[in-house]
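Below is one structure; the comments refer to it alone.
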Amino acid sequence: MEKEKKTSNYDLQVDIAKKIFMEYDQELLIHKFHLLADETWIYIKYLNTPYRINRKDGRVEEDLQGSGFSECRSYDTVMTIYDLLCYSKGETMPILFQKWHTINSLSIGQSPDAGRFTKSYAKFFQKYRKELKTACESLGGVIQKPMARADLTCLIPVTSFFPVMLQFWEEDEEYAPQLMILWDENYSSFLHFETTFYLQGDLLERLKNILERQKKRGDL
């Protein structure tokens, strides 16, 4: 007899989140965020990848590289999508202040140091500093005028209604490479503080995977 597969805590949380999503007014969410929908699905683009949410059971499906939809079980991805749709209050979408800050400067009280998390990615991106711009653009990113003397500043649309700003400073004789994710001053009207770490990790891991795939194909 085959052993039953153990369900991870992350999978359990995803299944719980699906049930919670089903408690929300879907028509309100569709109207609020100007989403496409039909009788079966709600459609949303997340980090430039098409996703859809089943209106009968709440499951999230993704269309990776245009190969057709399949269920997404990525905890960071699913929880971020649900939170962006369900967290904000009221019947209208919150506004963006278009003023950018680090998550630590916007949070109240003690919080994890986001810089510690990004250090390993900064070192990795240093090896692909010339290609990082194209990788950001593949996620729908739009290159911005330099901010704070960063070598790369890119506005990346997480969804059609919520962006983040990525900045990267290349290594030089005095400083190690530095990577920073900036958040709109009104981010807390769109999602929980904890979700910013899910989103940040999801974004950076996708950039890393893009660069690794390009290297494997010999494009770099």
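Given R₀ = 30 Å, FRET efficiency for Glu61-Gln144 by Cβ-Cβ distance, to 0.05? Between Glu61 and Gln144 the formula returns 0.40.
With R₀ set to 35 Å, the beta-carbon distance separating His101 from Asp151 gives a calculated FRET efficiency near 0.95.
What fraction of the Cα pairs in the chain, stated in percent, has a spacing above 22 angstrom?
Result for the distance tail: 54 percent.
Counting Lys and Arg as +1 and Asp and Glu as -1 over every other residue whose Cβ lies under 12 Å from the Cβ of Leu179, the net charge comes to +2. Spacing of the modelled spin labels on Tyr43 and Glu71, each 7 Å from Cα toward Cβ, amounts to 2.3 nm.
For the chain, the mean residue ellipticity at 222 nm estimated from helices alone is -11500 deg cm²/dmol, where every DSSP H run of n ≥ 4 contributes -39500 (n - 2.57) and the total is divided by all residues, rounded to the nearest 500.
Among the listed pairs Lys133/Lys208; Lys123/Lys215; Lys32/Lys145; Lys45/Lys130, those with a Cα-Cα distance over 23 Å are Lys32/Lys145; Lys45/Lys130.
Only aspartates and glutamates eight or more places from Lys19 in sequence, or on another chain, were considered; those with a Cα closer than 19 Å are Asp11, Glu27, Glu39, Asp57, Glu61, Glu62, Glu71, Asp76, Asp83. For the listed peptides 60-66, 42-48, a ranking on the average number of other beta carbons within 10 Å per residue, highest first, reads 42-48, 60-66. The Cys residues in the chain with no partner Cys Cβ within less than 4.7 Å of their Cβ are Cys72, Cys86. Here Glu173 and Glu23 are evaluated by their C-beta separation; at R0 = 45 Å the FRET efficiency comes out at 0.20.
Quick note: the coordinates plus some simple rules give every number you see, no bench work behind them. Computed from a predicted structure; not experimentally measured. Ideal geometry is used to build each Cβ from the backbone, glycine not excepted, and the neighbour counts take in all protein chains shown.
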